[in-house]
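Engineer: Sharing a structure below in structure tokens format, with a few things to ask.
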Amino acid sequence: MRSSSKKKFSLQLHIISLFTILITISGISLGWYSYSQLSKNMINSGKVLLSNSSKEVVNKIHKESEHIYTMLEIVNASNLTEQTSKEGKIASLPVLSEMLIGTPSLSALFVAYPNDDFFLYRKLNSTVILKKYNAPLTSYFMMTLRQSEQTTHQFYNSEGYLLKVVEDPKYNLQIKQRPWYSNAKNSNTYTITEAYLFHASQEFGVTLAIEDKSTGAVIGADYTLDTLSKLLQEFRAYPSSQRIVVDQQEKVIAYQNTDLLLSKQGKFDTFKSLSDIHLPELNYVFEHYQGQQESILFSFNGEDWLAKIDNISSYNNLMLLQLVKTKELLSDAYSLRFQSVLITLLIILATLPIAWYFARLLTAPISGLTKDLQKIKNFDFTEKITTKTPIKEIADLISVTNSMKDTISHFQNLSASLVSKQSTKQLLSKISNECNNIPNCQGTIIILNQKEQCQIQHCSLNNLNDSENMQLKKQLETLSLSCEKLQKDAQTHIIPDEITQILNGWIDQTLSLGWQLVTMKNRSGTNIGLIAVLESQIKPLNKGKLKYAQAIASFSALSIQSQQLLADQKQLLESFILLIAGAIDSKSPYTGGHCARVPELTKMLSRAACEDQGAYHSFNLNEEQWEELHIAAWLHDCGKIITPEYVVDKATKLETIYDRLNEIRMRFELLKSEAQKTYWKGLAENGNKEQLLAQRDKRLALLDEEFEFVAQCNLGSEFMSTDKVVRLQTIANRTWTRTLNNKIGLAPHQVEKIAESTLPAQEYLLSDKSEHLVKSDNAELTEPGNKWGFRMDTPEYRFNRGELYNLSIKRGTLTPEDRFIINGHMVHTIVMLSQLPFPEHLQDIPTIAGGHHEKMDGTGYPRKIVASELPLTARMMVIADIFEALTASDRPYKEQKTLSQAITIMSFMVKEDHIDPELFKLFLTSGVYLDYAKQYLSAEQIDEVDLGLYL
């Protein structure tokens, strides 16, 4: 800032002048001294008053507590805890009556026995209980006795005469759940509860209890807190005095004005909170000075107060708050002050103009500077500080503040610019531009570490344009630079010869260039590169320039590391995606490449939609949406990773991990051996050879024919009509003899399923056994109301491997259980992807990936959602998945389709409202189907397609 021409004086001279004037009017202070001393004495007297009253209140409360403890000791010493009979307990009532009458705050005495019996003797202080049990109004005491789950209430007058007995079958006091019971059981001495509302009498108080260790009974006393309020009334000394007892939750336990103590909530009285008393000064003390043991002086709403907070040790978490206005304590001091003010007023008026002038001279520029600094604090750097002052020190401060504001503003813009989303090239260019702002800087070279070599990534000389700097960078990139050597050379500030030779061709050779290498260190302290600042003289940067360059290098290192980390994370994610997809494709030799082909076809169709000027003219995907689609497409079948491949690849009806037709084959072989055995046995017994031979050949031929029929059924290539199923059941009724134990040599979980049998055992040729049934797991994923919205009919069993059950499949090779497992891969895809912490712009991946088996009409799986609820990209993947499956040449269970066959089938799906008609039209008109075919289909599959049939 340009200095003012007006002569400035030092701040010290102004302060000396001000104090000279203040000394001349120091007599004014004498009157105030008297007032302050008197005020101090009065305040001290007030503190003593509050302290003494606090001690008296606490002592009285402590004495009452000790008195109640004594009565509990008396009850404990009596045989009341050992009494089991009603008469014995009634005999103790006179003593208990005297205790209750002699202690006004004592509401009830009771004994809780270990067998859940309960004895209580209370004083009737309110009409709540009388109304509840319709007891006589002259009732003064009430005894409650629960024995053997029977409860009676007996009402007595003040003389101890029984007035009424009430049976109470609904009385259900859960003794062992009451806080006083558990506290007493867990303590070796007296316990006291927090304040609460007594259920029966609707009075507020606390319960004191102790356990009789010899009998296990708990003796207790209910102590009402209304006596605390009466006690507080006795100590009120000034009109503004306030005394109140609260707990840690700000519930008001006692107050000098009992009319304000309770509030109605529903049908019962409840504790008021401190805020309900509508004395804000009490709230203020509790919030700001809780825990302070000494007296407190504070100001509130323009008035001064004296307060004190004391903990009441006899009760859990209770505090006594006292406060009084200081003006009531200082009434005499105020009178003296008024007289002093009248006397000194003339002196103050005489000196006021001089004091005002000097105060204004000193504070006006400081106030202005404070406002400007407040703008800097709020990051407002739009205006310069223009405050003028004759004080030299303040003027210098304003000038430095202006410079500081410019520096902070510049670094704020620099940090925001460097951490903003941008390419590496843009980032390096900004770093160079900032370094070039250093005075006498001729340019910068940015060098990044590449393993053991340093690679020049950016070059910017001030006398070159962008094109020339790019050419210079290409020349420098040819150098093989050692990071270690560069660090050593940096100490001399001399540029290496190989770099100097290249630079000389681009700059004025009369300049003697030197450089300063500034390291760029990331968050872990690793050196990721160097910034070489070129200067027109061989000497190190001065301290200010070096710090500026180091600040830029620090910002730059963090930004470069962030970009590198982001790129590495994306690369790692991409590798995991490809790893998972490759693992899924590798599980089955028949579906290899499916997870790789579907993403390509999906992206081809998406690009066609982005380029379309018709129905999809407004459709477009940004970079983040392309990333989302890419990941969703590659992971669209990730649920297959837990799908057994022998189910996916099931080529015959009896195939599991192996084809069980071989077991049946051996049974037929055994029956054929039995036929041979019967023939030879007949001959040995002198049977008719020709007859036996004819029987054997007929039986062998029948077995061969039946096995051939069973084998043909196993292929699943033909529809299983009813007569075929009947014949299969007839064949199944043949029996063979098992002579070996079918439980030995098996795993324990398999043995459990096999029924006991006696050897030799007759087994059916084909059978459905209990061991063929495997219970479902993860059934909760598809049960009604599941959190993923899956709506799939779940079979009773995960696997049904019954031989007849599988061979009787009407069409194909899959049972309903097999089909559910295959379809269930979508369930697991959605569940797995939903559990991944995708960033916000990738949140729709589970929906896109998990929707490629849904249909337009809402009959697909696993959620049965309609097209309007399915993203357009998910509907694109539906088409891609179907077309890839139809044209794939690696499926064992179906023949590959030509282009025309596949498109014809898909056109039927459009008519059945299974796939999106507009997307199918785009699929054809854009030529995506043909582009895909040329890359992934064999030549014999690519035939002519008449698009006119489908458009």
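Engineer: For GLN475, state whether it is assigned to a strand (DSSP E or B) and either of a type outside the set (Lys, Arg) or modelled with pLDDT under 75 (or both).
Structural biologist: For GLN475, the condition - assigned to a strand (DSSP E or B) and either of a type outside the set (Lys, Arg) or modelled with pLDDT under 75 (or both) - is not met.
Engineer: (1) touching a residue at least 24 places away in the same chain (Cβ under 8 Å); (2) touching a helix residue (DSSP H, G or I) at 6+ places or on another chain (Cβ under 7 Å); (3) not in a strand (DSSP E or B): which one isn't true of PHE119, the others all being true?
Structural biologist: (3)
Engineer: Return the residues of the range 628-653 that are over 38 Å from the mean Cα position of the chain (by Cα) and at pLDDT 85 or above; say none if nothing qualifies.
Structural biologist: THR652
Engineer: Now, a different point. Quick check on THR847: is it out of contact with any Leu (no Cβ under 9 Å at 6 or more places or on another chain) and touching a residue at least 12 places away in the same chain (Cβ under 8 Å)?
Structural biologist: So THR847 fails the test.
Engineer: Would you tally the residues in the range 281-314 being polar (S, T, N, Q), free of Cβ contacts under 8 Å to residues at least 60 places away in the same chain, more than 15 Å from ASP247 (Cα to Cα) and surrounded by 14 or more Cβ atoms within 10 Å (Cβ to Cβ)?
Structural biologist: Of the residues in the range 281-314, 0 are polar (S, T, N, Q), free of Cβ contacts under 8 Å to residues at least 60 places away in the same chain, more than 15 Å from ASP247 (Cα to Cα) and surrounded by 14 or more Cβ atoms within 10 Å (Cβ to Cβ).
Engineer: While we're here: Within the range 682-697, identify whether any single residue is touching a residue at least 24 places away in the same chain (Cβ under 8 Å) and out of contact with any Lys or Arg (no Cβ under 8 Å at 6 or more places or on another chain), and answer yes or no.
Structural biologist: Within the range 682-697 (the criterion being touching a residue at least 24 places away in the same chain (Cβ under 8 Å) and out of contact with any Lys or Arg (no Cβ under 8 Å at 6 or more places or on another chain)), the answer is no, since none of the residues qualifies.
Engineer: Can you confirm whether the range 456-463 contains a residue that is in a helix (DSSP H, G or I) and either on the phi > 0 side of the Ramachandran plot or modelled with pLDDT of 75 or more (or both)?
Structural biologist: no
Engineer: Among the residues of the range 256-279, which ones are modelled with pLDDT of 70 or more and closer than 20 Å to VAL324 by Cα?
Structural biologist: Correct list: LEU274, SER275, ASP276, ILE277, HIS278, LEU279.
Engineer: Follow-up. Pairs under 6 Å by beta carbon, first residue assigned to a loop (DSSP other than H, G, I, E, B) in the range 742-753, partner exposed (fewer than 11 other Cβ atoms within 10 Å of the Cβ), six or more apart or different chains?
Structural biologist: Sorted first by the residue in the range 742-753, then by its partner, the pairs are LYS753/SER770.
Engineer: Which residues, counting only those in the range 102-123, are within 30 Å of HIS62 (Cα to Cα) and modelled with pLDDT under 85?
Structural biologist: Answer for the range 102-123, where residues must be within 30 Å of HIS62 (Cα to Cα) and modelled with pLDDT under 85: GLY102, THR103, PRO104, SER105, LEU106, SER107.
Engineer: Something else now. So, in the range 802-841, exactly how many residues are in contact (Cβ under 8 Å) with a residue 60 or more places away in the chain and either more than 30 Å from ALA732 (Cα to Cα) or part of a helix (DSSP H, G or I) (or both)?
Structural biologist: Residues that pass the stated criteria total 18.
Engineer: In the range 745-763, what residues are under 26 Å from GLN729 (Cβ atoms) and either touching a Phe, Trp or Tyr at 6+ places or on another chain (Cβ under 8 Å) or charged (D, E, K, R) (or both)?
Structural biologist: Once the filter is applied, which keeps residues that are under 26 Å from GLN729 (Cβ atoms) and either touching a Phe, Trp or Tyr at 6+ places or on another chain (Cβ under 8 Å) or charged (D, E, K, R) (or both), the range 745-763 yields LYS753, GLU756, GLN762, GLU763.
Engineer: Hey, does the range 671-683 have a residue that's crowded, with 18+ Cβ neighbours inside 10 Å and part of a loop (DSSP other than H, G, I, E, B)?
Structural biologist: No, because not a single residue in the range 671-683 is crowded, with 18+ Cβ neighbours inside 10 Å and part of a loop (DSSP other than H, G, I, E, B).
Engineer: So which residues in the range 842-853 are more than 19 Å from ILE822 (Cα to Cα) and part of a loop (DSSP other than H, G, I, E, B)?
Structural biologist: GLN843, ASP844
Engineer: Let me ask you something else. Tell me, yes or no, whether the range 830-841 has at least one residue that is of a type in the set (Phe, Trp, Tyr) and either in contact with a strand residue (DSSP E or B) (Cβ under 8 Å, 6 or more places away or on another chain) or under 29 Å from SER926 (Cβ atoms) (or both).
Structural biologist: Checked the range 830-841: no residue is of a type in the set (Phe, Trp, Tyr) and either in contact with a strand residue (DSSP E or B) (Cβ under 8 Å, 6 or more places away or on another chain) or under 29 Å from SER926 (Cβ atoms) (or both).
Engineer: Under 8 Å by Cβ, and 6 or more places apart or on different chains, what pairs join a residue from the range 642-669 that is without any contact (Cβ under 8 Å) to a residue 60 or more places away in the chain and under 16 Å from PRO816 (Cα atoms) with one that is of a type in the set (A, V, I, L, M, F, W, C) and crowded, with 16+ Cβ neighbours inside 10 Å?
Structural biologist: Listed by first residue and then by second, the contacts come to nothing, as the list is empty.
Engineer: Out of (1) crowded, with 18+ Cβ neighbours inside 10 Å; (2) within 52 Å of the chain's Cα centre (by Cα), what's the single condition that is false for GLN177?
Structural biologist: (1)
Engineer: Tally time: how many residues in the range 101-147 are aromatic (Phe, Trp, Tyr), within 16 Å of ALA209 (Cα to Cα) and surrounded by 20 or more Cβ atoms within 10 Å (Cβ to Cβ)?
Structural biologist: 4
The values are calculated or read from the model by the stated rules, or taken from the named source; none is laboratory data. Since the model is a prediction, treat every value here as computed from it, not as a measurement. Note: ideal-geometry Cβ built from the backbone for every residue, glycine included; neighbour counts use all protein chains shown.
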